[in-house]
Amino acid sequence: MFAPVILLPSLLLLLSSAVLPVLAAEDADPSTAQLVFPTTPITSTVWVAGQQSPITWTLPDGYPTAVTDLTIELGVGQNTTVEGSGIFVSKDVPYPATLTLNYVVPANLTARQYCLIFTGKSDSGTVYGPNYATWFTVNAAGTAAASIPPVPSSVSTPATVASAATVAAAASTPVVAPSSSSSSSVAGAAATQAASAHSGAASLAVGLLGFLTASALMAVTL
């Protein structure tokens, strides 16, 4: 006669460990799914209309495997208020295989602050996200971009980078050698110190000679 009651707890444990992750994935809210960690652009990034600019990102742990395509749109607004501009970087970025693309900024794009809006879509049509990249600047065509290129970061918060002007100023600042007056002062101080040491040594010698003389006289008297 079999004893199924003894095997039942182990069987339930095995089934729960296999089924619960699937149920959790299906129950997850697609609107809060973490699709990407944007690394470029960051807040110090400057795009120029009509020029090519890189967009890069990494994948978070536990990214939604049901997503097959990303849509990237330019967002407008300020602070935490964002809305789509209707200007799309791309509507069919392969996901998760693609982690970077080069975007030719439209020549007539209005100069202002933008962000990037990432949304994902599964084969069944389910929309995931959105996720956002931080605010950055777009300059009008014909203007210069920032003198320092974007620095990738593992988070959307920008890394702190010294400005080109600061670096140039530091590099051009000469190392000032001591002036002649400073050299004279140093030499004078050294001479004074040497004279003082000599005088002290002479005084010590005189004192020692006097002690020896007195000792000799005392010995003769005795």
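A short reminder: the numbers here are calculations on the coordinates, not readings from a lab. All of these numbers come straight from a predicted model, not from anything done at the bench. So basically every Cβ, Gly included, is an ideal-geometry build from the backbone, and we count neighbours across all protein chains shown.
Please find the FRET efficiency linking D61 to A107, where r is the Cβ-Cβ separation and R0 is fixed at 35 Å, and quote it to the nearest 0.05.
Calculated value: 0.35.
Would you kindly calculate the translational diffusion coefficient of region 35-131, applying Stokes-Einstein with the Kirkwood radius from alpha carbon pairs, for 10 °C and a viscosity of 1.306 mPa s, and quote it in µm² s⁻¹ without decimals?
For these conditions, the coefficient is 113 µm²/s.
What FRET efficiency, computed as 1/(1 + (r/R0)^6) with R0 = 22 Å and r the Cβ-Cβ distance, is obtained for S124 and I87, rounded to the nearest 0.05?
Once rounded, the FRET efficiency stands at 0.20.
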